[in-house]
Amino acid sequence: MIKKVTIDQLKPGMTIVKMASDLWEHLPGLYTKPGLIRSKEQVERIREAGYEQAFIEVKIPGEEPLEKRLDTMLKRSTVDPKQKKRVPFESAIEEAQKAYDKAMTHAHRIIHDAKLGRKVDYESSVETVDQIVDSAIQNPDTLLCLSKLSHFDEYTYTHSINVSAIAVVFGEYLGLGRNELLDLGMAGMFHDLGKTVVSERIINKRGRLSHAEFEEIKRHPGYGYEILHKQGDIPIPIMEAVHDHHEKFNGSGYPGHLTRNNTSALARIISLADVYDALTSDRSYKDAMLPNKALAIMYGMRDQDFDTVEVQSFIKCLGIFPSGSLVKLNSGYYAIVYEANPAQPLQPKVKIILDPDMHPIPSKLVDLAVRHSDSTNRLEIVECADPAVYRINLKPYLTRKR
Ligand SMILES: [Fe+2]
């Protein structure tokens, strides 16, 4: 299991977990060099360098692997009895792709306008987010797939759309109404608008920021609020969510050090979507974390950064193998997860696309929860695979019919 500890709690023998480097914005004093802590002197050096916290791997004797434990945890909670009616993935993906692409163009425009000090076009933002909400209602897995399989070279834009889409999918899962989903999607799209005020040198700096630079970064939620407030036509819940998207459960966030009960549900949902997207679509690409690992990290942030029940619901919504994950099956073949199965989280619907030698094959849709008559062994997921390692672009496989 993964746990977040303070440097005071760090001891020789503990193993630091490999992290995405983009997490600095959420956890500024995070020590991220993976590997075993070998001595007290090493802990002392880490402390002297100014680090405050780290994620460690905690081994519990006889403990089941994470996926199995999450499976048990999710099965214990009841599945929504009024199973929502969904449009099948294959029919919904084209509309979702259009909504996603349109949102990308829109994100370019509003970020450009904000940089020039122009008004952000609220009306067309509503129109854009409206289509994202439609897609989430039709089939949320399409958006989750697109958010994970889009190129990361335009991080600023993809990140704002991904946070918007993931937040709307989670809000829909929680049963929010259409207007709330619209506000949520808008807050996701606008959440980092304040970064357009911060110098690009600081935004694009790789590695650790100086104290002064981080103080400036911490002002971006407030800058975003001011940009939107000046417009005069943005609903208050959206502005509040933008202002509070870096606040944490225990009050250790910024800018207001607000605890959980002093932030809105919209702000907390944006915060979950923001951290998940930062972990899984790291700017440097190679550091992007597999979705199931990212969820394990986020579970390790419960009671500190996130409300335990809320982060559990988020994991349940995305599934143990979130849509868009590349997985290896026990047959040796590789598949993309395209539809979660809330009742059987280890057995989602998948599209088999690569043979054991990673050669493309005519794709085949398989529901892992159904035993097929032509196979003696049930197909199972054995592990998550990293598309970046194999240099595969999975996106074309989603829309390809065969
Ligand atoms: Fe932010």
Report, by residue number, each residue of segment 284-302 that is modelled with pLDDT under 80 and crowded, with 19+ Cβ neighbours inside 10 Å. A288, M289, L290
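Any chance segment 262-270 includes a residue that's farther than 22 Å from E180 by Cα, outside the structural domain of E25 (by TED's automatic domain parsing) and within 14 Å of the ligand (Cβ to nearest atom)?
Within segment 262-270, the first condition is being farther than 22 Å from E180 by Cα, and the residues that meet it are none.
No, every residue in segment 262-270 fails to be farther than 22 Å from E180 by Cα, outside the structural domain of E25 (by TED's automatic domain parsing) and within 14 Å of the ligand (Cβ to nearest atom).
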Determine if segment 191-209 includes at least one residue that is hydroxyl-bearing (S, T, Y), assigned by TED's automatic domain parsing to the domain that holds R118 and under 19 Å from the mean Cα position of the chain (by Cα). no
Those residues of segment 165-189 which are in contact (Cβ under 8 Å) with a residue 12 or more places away in the chain and either surrounded by fewer than 20 Cβ atoms within 10 Å (Cβ to Cβ) or closer than 18 Å to H26 by Cβ (or both), in sequence order: I166, A167, F170, Y173, L174, R178, E180, A187, G188
Could you check L193 against (1) farther than 30 Å from L318 by Cα; (2) surrounded by 15 or more Cβ atoms within 10 Å (Cβ to Cβ) and say which number it fails? (1)
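For segment 119-134, indicate whether the set of residues that are among the aliphatic types (A, V, I, L, M), in the same structural domain as E200 (by TED's automatic domain parsing), in a helix (DSSP H, G or I) and within 18 Å of P322 (Cβ to Cβ) is non-empty.
Step one: filter segment 119-134 for residues among the aliphatic types (A, V, I, L, M), giving 120, 126, 129, 132-133.
Going one step further and asking which of them are in the same structural domain as E200 (by TED's automatic domain parsing), we end up with 120, 126, 129, 132-133.
Cutting the leftovers down to in a helix (DSSP H, G or I) gives us 126, 129, 132-133.
Cutting the leftovers down to within 18 Å of P322 (Cβ to Cβ) gives us 132.
Yes: one or more hits.
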Among the candidates A335, A340, residue that is within 18 Å of Y276 (Cβ to Cβ) and outside the structural domain of K248 (by TED's automatic domain parsing): A340
Please specify each residue of segment 303-314 satisfying the condition of being of a type in the set (A, V, I, L, M, F, W, C) and surrounded by fewer than 22 Cβ atoms within 10 Å (Cβ to Cβ). V309
Could you tell me whether any residue of segment 352-371 is over 21 Å from the mean Cα position of the chain (by Cα) and modelled with pLDDT under 80? yes
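Name the residue, out of I217, I234, that is of a type outside the set (S, T, N, Q), more than 15 Å from the ligand (Cβ to nearest atom) and surrounded by 15 or more Cβ atoms within 10 Å (Cβ to Cβ). If you could, list the steps in order and put the result at the bottom.
Details: I217 fails: more than 15 Å from the ligand (Cβ to nearest atom).
I234 is the lone residue from the list that is of a type outside the set (S, T, N, Q), more than 15 Å from the ligand (Cβ to nearest atom) and surrounded by 15 or more Cβ atoms within 10 Å (Cβ to Cβ).
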Can you find a residue that is of a type in the set (F, W, Y), over 19 Å from the mean Cα position of the chain (by Cα) and within 16 Å of the ligand (Cβ to nearest atom) anywhere in segment 272-284? no
Tally time: how many residues in segment 237-261 are within 14 Å of the ligand (Cβ to nearest atom) and assigned to a helix (DSSP H, G or I)? 3
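Criterion first (in a helix (DSSP H, G or I), in the same structural domain as V275 (by TED's automatic domain parsing) and within 13 Å of the ligand (Cβ to nearest atom)) does A212 satisfy it?
Working: in a helix (DSSP H, G or I): yes; in the same structural domain as V275 (by TED's automatic domain parsing): yes; within 13 Å of the ligand (Cβ to nearest atom): no.
Judged against the criteria, A212 is not a match.
Specify the residue that is farthest from the ligand (Cβ to nearest atom); the eligible residues are those in segment 6-42 that are hydroxyl-bearing (S, T, Y) and part of a loop (DSSP other than H, G, I, E, B). Explain how you work it out, then say what you get.
Kept after step one, since they are hydroxyl-bearing (S, T, Y), are these residues of segment 6-42: 6, 15, 21, 31-32, 39.
Retained after the next criterion (residues that are part of a loop (DSSP other than H, G, I, E, B)): 32, 39.
Working: T32: 19, S39: 36 Å.
That would be S39.
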If we ask which residues in segment 239-259 are over 20 Å from the mean Cα position of the chain (by Cα) and of a type in the set (A, V, I, L, M, F, W, C), their number turns out to be 2
Just to be sure I understand, how many residues within segment 174-209 are modelled with pLDDT of 90 or more and assigned to a loop (DSSP other than H, G, I, E, B)? 5
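The values are calculated or read from the model by the stated rules, or taken from the named source; none is laboratory data. Please read these numbers as outputs of a predicted model, since none were measured by experiment. Cβ atoms come from the backbone with ideal geometry, glycine included; neighbour counts cover every protein chain shown.
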